[in-house]
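A short write-up of the structure that comes next.
The values are calculated or read from the model by the stated rules, or taken from the named source; none is laboratory data. Predicted model only: the values in this text are computed from it and were never measured. Reconstructed Cβ throughout: ideal geometry from the backbone, glycine too, with neighbour counts over all protein chains shown. Ligands, DNA and RNA are stripped out before the accessible areas are found, and what is left, the full protein with its side chains, is counted by its heavy atoms. Shrake-Rupley method; radii C 1.70, N 1.55, O 1.52, S 1.80 Å.
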Amino acid sequence: MIRHGFSGCAQCHLDPSGGGLLNDFGLGAAADSLRSHYGSEPPDAKPFFGLWTNPSWLLAGGSFRDMLLFMKPGGAPSSSQNVLMQADLRAGIDVDRWRAAASLGLITNGNSPAAVAGNVVAREYWLGYTFADDAILLRAGRINVPYGLRSIEHTLFVRQATRTDLNDTQQHGVAFAARGHGFRGELMGIAGNYQESPDAFRERGYSGYLEWSPASHYALGVSSLVTHAAQDVFLRAANTRQAHGVTARVAPIEALVLLAEGDVVIQSLAGQPRWTGLATMLQADVEPWQGIHLIGTGETYASGQPGIGTEWSAWGGLDWFFLTHVDARFDYVHSSLVLGGMRIPVDSYLVQLHLFL
């Protein structure tokens, strides 16, 4: 949306840092600015395709995303699978100064940090209170971790290395968000993910970002995160984890948007030397005709572990918002990964269909 002069996120989303439930303005922008026009103005986007009218105090919607994934690792047979990535219903409350949001959905893999029972997931739920004419929001609950660029591509190295995607890495805690005079930011005190157990797995610390928009088509940001877990859920040792990075969102012309992020990622495992790594990404989104996006992404990741080389991926994609509420996306990804000390090329093909309510 920065190509249309919207450098912030709170105009369209209930979450002040973006992602998730859309407000009425966001639904209108989705119909007017996202989807292709075919010689006439498209119909307005309405909750549940117009089958349901929200009361003035209620925001209700949802998201369904299904994917066909084809993979061919070098020297190994190809594989394919259908992945139900998201089938969530969302609700939000906007009453006077009170704000609240919650989601509930299904996935095909029940081994998710967002799972509450089997294949049922609750990615976020929080209660908040606003100040200063909605410029400040204080909230508590299970919240998207405020760090870096918000993106649906949750497998990007910058999202995986920092553990800050919108898929299932939300944390419980208290967050303070503020915006005004070209600045926006959020700081969160992280208490851990209480949908995981035992308690030793839960990370505690802080995460936050600050972004400055000197003009409506430019935004530059910094992010910082420090957490500690008695037993890292992946590395199975006490770990103090840090990530510190910079971001940029730039639209030099309306047809082109550039997104960039670079993060220094530090792992301090008990009894081991510190690993200092680097994750980077640069994405170009070209919109030759409204609703059709040609997307190219390059990314790298060096974990800092001794003897482990730098991994990289190159993405090429097409995303078409061909109807109100609906888009289809195709991606080809070539990756050079390091597994067990061996470098393995992997070719992936992704076909996605996304409906938002």
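Restricting to the range 99-155, give me the number of residues that are under 16 Å from R184 (Cβ atoms) and surrounded by fewer than 18 Cβ atoms within 10 Å (Cβ to Cβ).
7
Which is under 30 Å from V338 (Cα atoms), in a strand (DSSP E or B) and open to solvent by 60 Å² or more (accessible area, probe 1.4 Å), of L89, L68, L84?
One residue alone meets the criteria, L68.
Could you look through the range 173-199, keep only residues that are outside any loop (DSSP other than H, G, I, E, B), open to solvent by less than 30 Å² (accessible area, probe 1.4 Å) and not β-branched (V, I, T), and pick out the one that is farthest from I136 (Cα to Cα)?
By that ranking, first place goes to G192.
Which condition number does R163 fail, the rest of (1) charged (D, E, K, R); (2) at negative phi; (3) under 17 Å from the mean Cα position of the chain (by Cα) being met?
Failing condition for R163: (2).
Taking into account only those residues within the range 2-15 that are in contact (Cβ under 8 Å) with a residue 60 or more places away in the chain and open to solvent by 20 Å² or more (accessible area, probe 1.4 Å), which is nearest to the chain's Cα centre (by Cα)?
Residue satisfying both the conditions and the ranking: C9.
Condition (residue is touching a residue at least 60 places away in the same chain (Cβ under 8 Å) and charged (D, E, K, R)) applied to the range 16-34: is it met by at least one residue?
no
Matching residues to (1) open to solvent by 40 Å² or more (accessible area, probe 1.4 Å); (2) outside any strand (DSSP E or B):
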{"site": "G221", "(1), (2)": "no, no"}
{"site": "T227", "(1), (2)": "no, no"}
{"site": "F234", "(1), (2)": "yes, yes"}
{"site": "G245", "(1), (2)": "no, no"}
{"site": "A248", "(1), (2)": "no, no"}
{"site": "P252", "(1), (2)": "yes, no"}
{"site": "L259", "(1), (2)": "yes, no"}
{"site": "D263", "(1), (2)": "no, no"}
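Kindly indicate which of P77, P55, P42 is assigned to a loop (DSSP other than H, G, I, E, B), buried (at least 16 other Cβ atoms within 10 Å of the Cβ) and either more than 21 Å from the chain's Cα centre (by Cα) or of a type in the set (D, E, K, R) (or both).
Of P77, P55, P42, the one residue that is assigned to a loop (DSSP other than H, G, I, E, B), buried (at least 16 other Cβ atoms within 10 Å of the Cβ) and either more than 21 Å from the chain's Cα centre (by Cα) or of a type in the set (D, E, K, R) (or both) is P42.
Rundown of residues vs (1) open to solvent by 60 Å² or more (accessible area, probe 1.4 Å); (2) without any contact (Cβ under 8 Å) to a residue 24 or more places away in the chain; (3) of a type in the set (A, V, I, L, M), yes/no style:
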site	(1), (2), (3)
A279	no, no, yes
A284	no, no, yes
W289	yes, no, no
I292	no, no, yes
F321	no, no, no
A328	no, no, yes
S336	no, no, no
I344	no, no, yes
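For the subset of the range 92-112 comprising residues that are part of a loop (DSSP other than H, G, I, E, B) and of a type in the set (S, T, Y), which member is nearest to the chain's Cα centre (by Cα)?
S112
Scan the range 305-319 for residues that are touching a strand residue (DSSP E or B) at 6+ places or on another chain (Cβ under 7 Å) and either at pLDDT below 95 or open to solvent by 60 Å² or more (accessible area, probe 1.4 Å) (or both) and jot them down.
Answer for the range 305-319, where residues must be touching a strand residue (DSSP E or B) at 6+ places or on another chain (Cβ under 7 Å) and either at pLDDT below 95 or open to solvent by 60 Å² or more (accessible area, probe 1.4 Å) (or both): Q305, I308, G309, T310, W312, L318.
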